[in-house]
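Engineer: Structure provided below as C-alpha coordinates; questions to follow.
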Amino acid sequence: MFDFADIITFTSVFELIFFIVFISFKSFKPYFNKVLALFFLTQMLGILFWIIKKHQINTPLTQILSAFSLLWAPSLFLYAEALTKKKEKPSKLDILHTIPFLTVLLYFSAQLFCQLPKIQFGILLNTQVIVYNIVGIIILIRYHYRVKENFSNDESKTRKWVAVALIGYMVACFTPSVLSLLNVVPNPSSVLKNVIEFLPFLIFFNILFVNAVENPVVVHELPNEERYKGSNLSDNLAQEYLKKLDHTVEKEKCYLEPELSLGNLSEISGIPSRYLSQIINQYKGKTFYDYINGLRVKHACNLLITDERKTVLEILYESGFNSKTSFNTSFKKHTGQSPSEYKASFK
(Lines give C-alpha, C1' and ligand atoms only; values in the text may rest on other atoms or scores of the structure.)
Protein backbone atom coordinates (compact mmCIF):
# COMPACT_ATOMS: atom_id res chain seq x y z
CA MET A 1 0.00 0.00 0.00
CA PHE A 2 1.39 3.38 -1.02
CA ASP A 3 1.49 6.29 1.43
CA PHE A 4 2.92 9.81 1.72
CA ALA A 5 6.40 8.42 2.47
CA ASP A 6 6.33 6.65 -0.91
CA ILE A 7 5.51 9.93 -2.63
CA ILE A 8 8.64 11.48 -1.09
CA THR A 9 10.89 8.53 -1.97
CA PHE A 10 9.65 8.27 -5.57
CA THR A 11 9.98 12.05 -5.95
CA SER A 12 13.57 11.71 -4.70
CA VAL A 13 14.33 8.94 -7.21
CA PHE A 14 12.92 10.86 -10.20
CA GLU A 15 14.63 14.08 -9.13
CA LEU A 16 17.96 12.29 -8.70
CA ILE A 17 17.66 10.75 -12.16
CA PHE A 18 17.03 14.22 -13.59
CA PHE A 19 19.95 15.69 -11.59
CA ILE A 20 22.33 12.96 -12.80
CA VAL A 21 21.34 13.37 -16.47
CA PHE A 22 21.41 17.18 -16.30
CA ILE A 23 24.83 17.38 -14.62
CA SER A 24 26.31 14.66 -16.87
CA PHE A 25 25.27 16.35 -20.11
CA LYS A 26 25.67 19.97 -19.07
CA SER A 27 28.17 21.80 -21.31
CA PHE A 28 30.15 23.01 -18.28
CA LYS A 29 31.34 19.75 -16.73
CA PRO A 30 34.12 20.23 -14.19
CA TYR A 31 35.39 17.11 -12.44
CA PHE A 32 33.76 18.01 -9.13
CA ASN A 33 30.29 18.03 -10.76
CA LYS A 34 30.94 14.55 -12.16
CA VAL A 35 31.69 13.38 -8.62
CA LEU A 36 28.46 15.04 -7.50
CA ALA A 37 26.59 13.04 -10.18
CA LEU A 38 28.17 9.88 -8.73
CA PHE A 39 26.96 10.88 -5.26
CA PHE A 40 23.41 11.36 -6.60
CA LEU A 41 23.59 7.94 -8.32
CA THR A 42 24.60 6.12 -5.12
CA GLN A 43 21.84 7.91 -3.22
CA MET A 44 19.28 6.87 -5.82
CA LEU A 45 20.33 3.20 -5.58
CA GLY A 46 20.10 3.39 -1.78
CA ILE A 47 16.55 4.78 -1.96
CA LEU A 48 15.54 2.05 -4.43
CA PHE A 49 16.76 -0.50 -1.88
CA TRP A 50 14.56 1.08 0.78
CA ILE A 51 11.50 1.04 -1.53
CA ILE A 52 12.02 -2.64 -2.41
CA LYS A 53 12.54 -3.58 1.23
CA LYS A 54 9.51 -1.62 2.44
CA HIS A 55 7.14 -3.23 -0.03
CA GLN A 56 8.71 -6.67 0.54
CA ILE A 57 9.39 -7.29 -3.10
CA ASN A 58 11.21 -10.61 -3.24
CA THR A 59 14.37 -10.11 -5.24
CA PRO A 60 18.00 -11.13 -4.72
CA LEU A 61 18.95 -7.58 -5.76
CA THR A 62 17.76 -6.13 -2.43
CA GLN A 63 21.01 -6.67 -0.52
CA ILE A 64 23.12 -5.92 -3.60
CA LEU A 65 21.49 -2.47 -3.81
CA SER A 66 22.03 -1.84 -0.11
CA ALA A 67 25.80 -2.26 -0.58
CA PHE A 68 25.82 0.89 -2.74
CA SER A 69 25.02 2.87 0.41
CA LEU A 70 28.70 2.44 1.30
CA LEU A 71 29.54 4.77 -1.59
CA TRP A 72 27.45 7.64 -0.16
CA ALA A 73 30.02 9.10 2.22
CA PRO A 74 33.10 8.43 -0.01
CA SER A 75 31.51 10.12 -3.05
CA LEU A 76 30.51 13.21 -1.01
CA PHE A 77 34.02 13.31 0.48
CA LEU A 78 35.57 13.10 -3.01
CA TYR A 79 33.27 15.97 -4.07
CA ALA A 80 34.57 18.10 -1.19
CA GLU A 81 38.15 17.10 -1.98
CA ALA A 82 37.73 17.90 -5.68
CA LEU A 83 36.51 21.39 -4.77
CA THR A 84 39.15 22.24 -2.16
CA LYS A 85 42.09 20.73 -4.06
CA LYS A 86 40.88 21.70 -7.54
CA LYS A 87 41.22 18.16 -8.85
CA GLU A 88 40.59 17.82 -12.57
CA LYS A 89 40.57 14.02 -12.69
CA PRO A 90 40.51 11.09 -10.24
CA SER A 91 43.77 9.84 -8.77
CA LYS A 92 44.86 6.20 -8.54
CA LEU A 93 44.43 6.27 -4.75
CA ASP A 94 40.73 7.16 -5.09
CA ILE A 95 40.01 3.49 -5.81
CA LEU A 96 40.79 2.75 -2.15
CA HIS A 97 37.53 4.46 -1.16
CA THR A 98 35.60 1.64 -2.83
CA ILE A 99 37.13 -1.14 -0.66
CA PRO A 100 34.30 -1.22 1.97
CA PHE A 101 31.68 -1.24 -0.81
CA LEU A 102 33.40 -3.99 -2.83
CA THR A 103 33.99 -6.11 0.28
CA VAL A 104 30.36 -5.92 1.40
CA LEU A 105 29.13 -6.41 -2.18
CA LEU A 106 31.12 -9.64 -2.46
CA TYR A 107 29.88 -10.76 0.96
CA PHE A 108 26.23 -10.12 0.07
CA SER A 109 26.72 -11.86 -3.29
CA ALA A 110 28.15 -14.90 -1.48
CA GLN A 111 25.11 -14.93 0.83
CA LEU A 112 22.94 -15.65 -2.21
CA PHE A 113 24.63 -19.04 -2.58
CA CYS A 114 25.51 -20.04 0.99
CA GLN A 115 24.61 -19.36 4.61
CA LEU A 116 26.79 -16.65 6.11
CA PRO A 117 26.31 -14.72 9.37
CA LYS A 118 24.62 -11.32 9.12
CA ILE A 119 26.76 -8.21 9.44
CA GLN A 120 25.83 -5.03 11.36
CA PHE A 121 25.34 -3.06 8.17
CA GLY A 122 23.64 -0.06 9.80
CA ILE A 123 26.48 0.44 12.28
CA LEU A 124 29.05 0.11 9.49
CA LEU A 125 27.24 2.69 7.35
CA ASN A 126 26.80 5.25 10.15
CA THR A 127 30.43 4.85 11.25
CA GLN A 128 31.59 5.44 7.68
CA VAL A 129 29.47 8.61 7.36
CA ILE A 130 30.88 10.03 10.62
CA VAL A 131 34.52 9.20 9.79
CA TYR A 132 34.36 10.60 6.25
CA ASN A 133 32.67 13.80 7.39
CA ILE A 134 35.25 14.36 10.13
CA VAL A 135 38.08 13.90 7.60
CA GLY A 136 36.22 16.20 5.19
CA ILE A 137 35.98 18.92 7.84
CA ILE A 138 39.71 18.57 8.58
CA ILE A 139 40.45 19.05 4.85
CA LEU A 140 38.14 22.07 4.85
CA ILE A 141 39.99 23.65 7.79
CA ARG A 142 43.35 23.08 6.10
CA TYR A 143 41.99 24.60 2.90
CA HIS A 144 40.83 27.65 4.87
CA TYR A 145 44.34 28.30 6.19
CA ARG A 146 45.96 27.68 2.82
CA VAL A 147 43.66 30.27 1.21
CA LYS A 148 44.77 32.81 3.84
CA GLU A 149 48.39 32.01 3.02
CA ASN A 150 47.94 32.71 -0.68
CA PHE A 151 45.03 35.09 -1.28
CA SER A 152 44.13 38.57 -0.09
CA ASN A 153 40.43 38.02 -0.76
CA ASP A 154 38.90 35.49 1.63
CA GLU A 155 35.34 35.58 0.25
CA SER A 156 35.63 31.87 -0.51
CA LYS A 157 32.41 30.37 -1.85
CA THR A 158 34.17 27.02 -1.95
CA ARG A 159 34.81 26.90 1.78
CA LYS A 160 31.27 27.93 2.65
CA TRP A 161 29.74 25.52 0.19
CA VAL A 162 31.79 22.49 1.25
CA ALA A 163 30.84 23.22 4.87
CA VAL A 164 27.15 23.31 3.88
CA ALA A 165 27.50 20.02 1.95
CA LEU A 166 29.28 18.13 4.74
CA ILE A 167 27.25 19.44 7.66
CA GLY A 168 23.99 19.29 5.70
CA TYR A 169 24.58 15.63 4.88
CA MET A 170 25.34 14.82 8.52
CA VAL A 171 22.08 16.53 9.54
CA ALA A 172 20.10 14.61 6.90
CA CYS A 173 21.66 11.30 7.98
CA PHE A 174 21.21 11.62 11.71
CA THR A 175 18.00 13.66 12.07
CA PRO A 176 15.85 10.46 12.17
CA SER A 177 18.08 8.88 14.86
CA VAL A 178 18.04 12.03 17.02
CA LEU A 179 14.25 12.35 16.74
CA SER A 180 13.90 8.67 17.59
CA LEU A 181 16.01 9.10 20.74
CA LEU A 182 13.85 12.08 21.71
CA ASN A 183 10.79 9.86 21.23
CA VAL A 184 9.29 12.29 18.72
CA VAL A 185 8.03 9.31 16.70
CA PRO A 186 6.67 6.76 19.22
CA ASN A 187 5.52 4.28 16.56
CA PRO A 188 8.58 2.96 14.64
CA SER A 189 6.42 1.68 11.77
CA SER A 190 4.48 4.90 11.26
CA VAL A 191 4.33 6.85 8.01
CA LEU A 192 5.66 9.88 9.93
CA LYS A 193 8.86 7.99 10.73
CA ASN A 194 9.38 7.19 7.03
CA VAL A 195 8.72 10.79 6.06
CA ILE A 196 11.24 12.03 8.65
CA GLU A 197 13.81 9.58 7.27
CA PHE A 198 13.62 10.84 3.70
CA LEU A 199 12.37 14.43 3.74
CA PRO A 200 15.74 15.87 4.98
CA PHE A 201 17.49 14.03 2.13
CA LEU A 202 15.04 15.35 -0.47
CA ILE A 203 15.66 18.90 0.75
CA PHE A 204 19.43 18.32 0.84
CA PHE A 205 19.54 16.92 -2.73
CA ASN A 206 17.70 19.96 -4.08
CA ILE A 207 20.05 22.37 -2.30
CA LEU A 208 23.10 20.54 -3.74
CA PHE A 209 21.68 20.52 -7.25
CA VAL A 210 20.57 24.16 -7.29
CA ASN A 211 23.98 25.29 -6.06
CA ALA A 212 25.81 23.15 -8.63
CA VAL A 213 23.77 24.63 -11.49
CA GLU A 214 22.94 28.20 -10.47
CA ASN A 215 25.89 29.20 -8.33
CA PRO A 216 29.07 27.44 -9.45
CA VAL A 217 31.80 27.85 -6.85
CA VAL A 218 35.03 29.73 -7.38
CA VAL A 219 37.89 27.34 -6.69
CA HIS A 220 41.18 28.90 -5.63
CA GLU A 221 44.28 27.72 -7.47
CA LEU A 222 46.48 26.70 -4.55
CA PRO A 223 50.18 25.80 -4.81
CA ASN A 224 51.68 22.55 -3.56
CA GLU A 225 51.25 22.04 0.15
CA GLU A 226 54.90 21.40 1.02
CA ARG A 227 55.61 24.28 3.40
CA TYR A 228 59.09 25.75 2.88
CA LYS A 229 60.44 22.21 2.42
CA GLY A 230 64.20 22.32 1.84
CA SER A 231 64.20 26.13 1.89
CA ASN A 232 67.69 27.60 1.61
CA LEU A 233 66.60 31.15 2.40
CA SER A 234 69.41 32.76 4.37
CA ASP A 235 68.84 35.65 6.78
CA ASN A 236 70.77 38.05 4.52
CA LEU A 237 68.72 37.09 1.46
CA ALA A 238 65.52 37.35 3.53
CA GLN A 239 66.40 40.89 4.60
CA GLU A 240 67.12 41.80 1.00
CA TYR A 241 63.75 40.40 -0.08
CA LEU A 242 62.00 42.23 2.79
CA LYS A 243 63.38 45.58 1.58
CA LYS A 244 62.38 44.69 -1.97
CA LEU A 245 58.87 43.76 -0.81
CA ASP A 246 58.39 46.96 1.20
CA HIS A 247 59.65 49.07 -1.70
CA THR A 248 57.33 47.30 -4.20
CA VAL A 249 54.30 47.61 -1.96
CA GLU A 250 54.95 51.29 -1.26
CA LYS A 251 55.63 52.16 -4.90
CA GLU A 252 53.10 49.99 -6.76
CA LYS A 253 50.33 49.95 -4.11
CA CYS A 254 49.39 46.54 -5.48
CA TYR A 255 47.38 45.78 -2.33
CA LEU A 256 44.63 47.98 -3.79
CA GLU A 257 43.92 45.20 -6.31
CA PRO A 258 41.00 43.20 -4.77
CA GLU A 259 42.02 39.86 -6.29
CA LEU A 260 45.72 40.14 -5.47
CA SER A 261 47.28 36.72 -4.81
CA LEU A 262 50.68 35.57 -3.63
CA GLY A 263 51.53 34.64 -7.23
CA ASN A 264 50.60 38.13 -8.47
CA LEU A 265 52.74 39.84 -5.84
CA SER A 266 55.62 37.48 -6.64
CA GLU A 267 55.52 38.55 -10.31
CA ILE A 268 55.32 42.26 -9.45
CA SER A 269 58.11 42.20 -6.88
CA GLY A 270 60.37 39.68 -8.60
CA ILE A 271 60.58 37.62 -5.38
CA PRO A 272 60.08 33.85 -5.91
CA SER A 273 56.69 32.87 -4.45
CA ARG A 274 58.18 30.16 -2.18
CA TYR A 275 60.41 32.80 -0.54
CA LEU A 276 57.74 35.50 -0.57
CA SER A 277 55.38 33.31 1.46
CA GLN A 278 58.18 32.44 3.87
CA ILE A 279 59.31 36.01 4.58
CA ILE A 280 55.72 37.22 5.10
CA ASN A 281 55.08 34.37 7.54
CA GLN A 282 58.39 34.19 9.36
CA TYR A 283 59.72 37.75 9.20
CA LYS A 284 56.51 39.76 9.26
CA GLY A 285 54.70 37.24 11.45
CA LYS A 286 51.51 37.31 9.37
CA THR A 287 49.62 35.31 6.80
CA PHE A 288 49.50 36.77 3.31
CA TYR A 289 45.81 37.57 3.86
CA ASP A 290 46.47 39.53 7.09
CA TYR A 291 49.53 41.27 5.64
CA ILE A 292 47.71 42.62 2.56
CA ASN A 293 44.55 43.52 4.45
CA GLY A 294 46.64 45.35 7.06
CA LEU A 295 47.98 47.55 4.25
CA ARG A 296 44.46 48.06 2.93
CA VAL A 297 43.20 49.09 6.36
CA LYS A 298 46.09 51.56 6.69
CA HIS A 299 45.11 53.07 3.34
CA ALA A 300 41.45 53.21 4.40
CA CYS A 301 42.38 54.94 7.68
CA ASN A 302 44.18 57.65 5.77
CA LEU A 303 41.16 58.19 3.49
CA LEU A 304 38.73 58.28 6.43
CA ILE A 305 40.72 61.11 7.99
CA THR A 306 41.71 63.13 4.93
CA ASP A 307 38.68 62.82 2.64
CA GLU A 308 35.44 63.45 4.49
CA ARG A 309 33.42 63.61 1.29
CA LYS A 310 33.85 59.90 0.60
CA THR A 311 31.45 57.40 2.15
CA VAL A 312 32.70 54.32 3.97
CA LEU A 313 31.44 52.20 1.08
CA GLU A 314 33.47 54.21 -1.44
CA ILE A 315 36.56 53.98 0.78
CA LEU A 316 36.37 50.22 1.27
CA TYR A 317 36.28 49.59 -2.49
CA GLU A 318 39.00 52.16 -3.12
CA SER A 319 41.17 50.43 -0.50
CA GLY A 320 41.04 47.02 -2.22
CA PHE A 321 38.25 45.32 -0.29
CA ASN A 322 35.38 43.75 -2.20
CA SER A 323 32.77 43.41 0.54
CA LYS A 324 31.58 45.37 3.54
CA THR A 325 31.83 42.31 5.78
CA SER A 326 35.50 41.62 5.08
CA PHE A 327 36.30 45.35 5.38
CA ASN A 328 34.63 45.72 8.78
CA THR A 329 36.20 42.50 10.09
CA SER A 330 39.71 43.47 8.98
CA PHE A 331 39.34 47.07 10.13
CA LYS A 332 38.25 46.01 13.61
CA LYS A 333 41.08 43.47 13.79
CA HIS A 334 43.81 45.96 12.87
CA THR A 335 42.54 49.10 14.64
CA GLY A 336 40.29 47.80 17.42
CA GLN A 337 37.53 50.11 16.16
CA SER A 338 34.83 50.12 13.53
CA PRO A 339 35.38 52.49 10.55
CA SER A 340 32.72 54.92 11.83
CA GLU A 341 34.25 54.92 15.34
CA TYR A 342 37.70 55.52 13.89
CA LYS A 343 36.45 58.42 11.77
CA ALA A 344 34.56 59.96 14.69
CA SER A 345 37.63 59.81 16.94
CA PHE A 346 39.46 62.27 14.63
CA LYS A 347 36.66 64.81 14.41
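Engineer: For residue 343, state whether it is outside any loop (DSSP other than H, G, I, E, B) and open to solvent by 70 Å² or more (accessible area, probe 1.4 Å).
Structural biologist: Details: outside any loop (DSSP other than H, G, I, E, B): yes; open to solvent by 70 Å² or more (accessible area, probe 1.4 Å): no.
So residue 343 fails the test.
Engineer: Could you tell me which numbered condition residue 259 fails, if it satisfies all but one of (1) within 18 Å of residue 149 (Cα to Cα); (2) outside any helix (DSSP H, G or I); (3) free of Cβ contacts under 8 Å to residues at least 12 places away in the same chain; (4) open to solvent by 70 Å² or more (accessible area, probe 1.4 Å)?
Structural biologist: (3)
Engineer: Moving to a separate point now. Looking at the stretch 135-151, I want the residues that are at pLDDT below 80 and have a partner that is of a type in the set (Phe, Trp, Tyr) with Cβ atoms under 8 Å, at least 6 apart or on another chain. Which pairs are those?
Structural biologist: 147/289; 148/288; 148/289; 149/288; 149/289; 150/288; 151/288; 151/289
Engineer: Let me ask something additional. Which ranges mark the helices (runs of 4 or more DSSP H) fully within the stretch 1-100 that have 1 or more residues being of a type in the set (Asp, Glu) and modelled with pLDDT under 80?
Structural biologist: Working: elements: 4-25, 31-54, 61-67, 72-84.
In the stretch 1-100, 4-25 are the helices (runs of 4 or more DSSP H) which contain 1 or more residues that are of a type in the set (Asp, Glu) and modelled with pLDDT under 80.
Engineer: When you go through 142, 146 one by one, which is the residue that is open to solvent by 70 Å² or more (accessible area, probe 1.4 Å), part of a helix (DSSP H, G or I) and basic (Lys, Arg)?
Structural biologist: Numbers: 146 fails: open to solvent by 70 Å² or more (accessible area, probe 1.4 Å).
The conditions single out 142.
Engineer: Just to check your reading of the model, which residue among 315, 305, 279 is surrounded by fewer than 16 Cβ atoms within 10 Å (Cβ to Cβ) and β-branched (Val, Ile, Thr)?
Structural biologist: On the way: 315 fails: surrounded by fewer than 16 Cβ atoms within 10 Å (Cβ to Cβ); 279 fails: surrounded by fewer than 16 Cβ atoms within 10 Å (Cβ to Cβ).
Being surrounded by fewer than 16 Cβ atoms within 10 Å (Cβ to Cβ) and β-branched (Val, Ile, Thr) holds for just one of 315, 305, 279, which is 305.
Engineer: Tally time: how many residues in the stretch 272-297 are not in a helix (DSSP H, G or I) and not hydroxyl-bearing (Ser, Thr, Tyr)?
Structural biologist: Narrowing the stretch 272-297 to residues not in a helix (DSSP H, G or I): 272, 283-287.
Narrowing the set further to residues that are not hydroxyl-bearing (Ser, Thr, Tyr) leaves 272, 284-286.
Going through the stretch 272-297 one residue at a time, the tally reaches 4.
Engineer: Give me the pairs: first residue in the stretch 103-129 and closer than 16 Å to residue 174 by Cα, second residue open to solvent by less than 60 Å² (accessible area, probe 1.4 Å) and in a helix (DSSP H, G or I), beta-carbon distance under 6 Å, and six or more apart or on different chains, which are they?
Structural biologist: What qualifies is 125/69; 128/73; 129/73; 129/173.
Engineer: Give the residues of the stretch 75-100 that are touching a Phe, Trp or Tyr at 6+ places or on another chain (Cβ under 7 Å) and not aliphatic (A, V, I, L, M), sorted by residue number. Spell out the reasoning first.
Structural biologist: Residues of the stretch 75-100 touching a Phe, Trp or Tyr at 6+ places or on another chain (Cβ under 7 Å): 75-77, 79, 82-84, 87-89.
Selection gives 75, 77, 79, 84, 87, 88, 89.
Engineer: Please give the number of the condition residue 292 fails out of (1) of a type in the set (A, V, I, L, M, F, W, C); (2) open to solvent by 70 Å² or more (accessible area, probe 1.4 Å); (3) at pLDDT 90 or above.
Structural biologist: Among (1) of a type in the set (A, V, I, L, M, F, W, C); (2) open to solvent by 70 Å² or more (accessible area, probe 1.4 Å); (3) at pLDDT 90 or above, the lone unmet condition for residue 292 is (2).
Engineer: Select, from 91, 24, 66, the only residue that is small (Gly, Ala, Ser) and crowded, with 19+ Cβ neighbours inside 10 Å. Steps first, please.
Structural biologist: On the way: 91 fails: crowded, with 19+ Cβ neighbours inside 10 Å; 24 fails: crowded, with 19+ Cβ neighbours inside 10 Å.
Exactly one residue qualifies, and that residue is 66.
Engineer: Check off (1) open to solvent by 60 Å² or more (accessible area, probe 1.4 Å); (2) assigned to a loop (DSSP other than H, G, I, E, B); (3) at pLDDT below 85 for residue 117 and give me the number that stays unchecked.
Structural biologist: Unmet condition: (3).
Engineer: Do we find a residue being without any contact (Cβ under 8 Å) to a residue 12 or more places away in the chain and more than 14 Å from the chain's Cα centre (by Cα) anywhere in the stretch 63-83?
Structural biologist: Narrowing the stretch 63-83 to residues without any contact (Cβ under 8 Å) to a residue 12 or more places away in the chain: none.
The answer is no, given that none of the residues of the stretch 63-83 is without any contact (Cβ under 8 Å) to a residue 12 or more places away in the chain and more than 14 Å from the chain's Cα centre (by Cα).
The values are calculated or read from the model by the stated rules, or taken from the named source; none is laboratory data. Note that this is a predicted model, so its numbers are computed, not measured. When we count neighbours, we look across all protein chains shown, and the Cβ atoms used for this are built from the backbone with ideal geometry, even at glycine. Accessible surface areas use protein heavy atoms only, side chains included; no ligands, DNA or RNA. Shrake-Rupley method; radii C 1.70, N 1.55, O 1.52, S 1.80 Å.
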